[in-house]
Amino acid sequence: MEITRLVLPGPSPTARDAVPLCARLSRLYGGGAQVVACDATAVTTPDLGAVEVLARLRFAARGRPFHVTGAGPALRALLDLVGLVELLGETEEREPAVGVQEGVEPDDLAV
């Protein structure tokens, strides 16, 4: 499966960038893209504007495969803080990975 790239502008995209980026994302999917990877390498000073852009892109993807690549530590921390860490394709620390069940011992008390 081929991955199509969408590049975020740096050093921090703003809400004004969201409209053309969302339009570009829609054109990519409309043109046959199966998976879109949003390259955030240029985002070196992320703020809530960058988070808004990514949230709007996620919404514009309408459930189709969309994830963020190249996110630096500051952007990763912001996405984790606002609950969008799944855009990085990583599982949140407080949630078990999909398909993983915790073991239960016979003498465990019900909680």
Practice prompt. Within region 71-83, track down each residue that is within 11 Å of the chain's Cα centre (by Cα) and either open to solvent by 50 Å² or more (accessible area, probe 1.4 Å) or closer than 13 Å to PRO46 by Cα (or both).
Written response: ALA71, LEU75, ARG76, LEU79, ASP80
Practice prompt. Could you please find all residues in region 2-31 being touching a strand residue (DSSP E or B) at 6+ places or on another chain (Cβ under 6 Å), aliphatic (A, V, I, L, M) and loosely packed, with under 14 Cβ neighbours inside 10 Å?
Written response: ILE3
Practice prompt. For region 7-17, state whether one or more residues are part of a loop (DSSP other than H, G, I, E, B) and under 15 Å from LEU87 (Cβ atoms).
Written response: yes
Worksheet item: Out of region 53-69, which residues are more than 11 Å from the chain's Cα centre (by Cα) and open to solvent by 30 Å² or more (accessible area, probe 1.4 Å)?
Response: ARG62, GLY63, ARG64
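Based on what the data block shows, is ASP47 among the charged types (D, E, K, R) and in contact with a Gly (Cβ under 7 Å, 6 or more places away or on another chain)?
Answer is no for this residue.
The values are calculated or read from the model by the stated rules, or taken from the named source; none is laboratory data. All of these numbers come straight from a predicted model, not from anything done at the bench. Quick reminder, even Gly has a Cβ in these numbers, built from the backbone with ideal geometry, and neighbours come from all protein chains shown. For accessibility, only protein heavy atoms count, side chains too; no ligands or nucleic acids. Shrake-Rupley method; radii C 1.70, N 1.55, O 1.52, S 1.80 Å.
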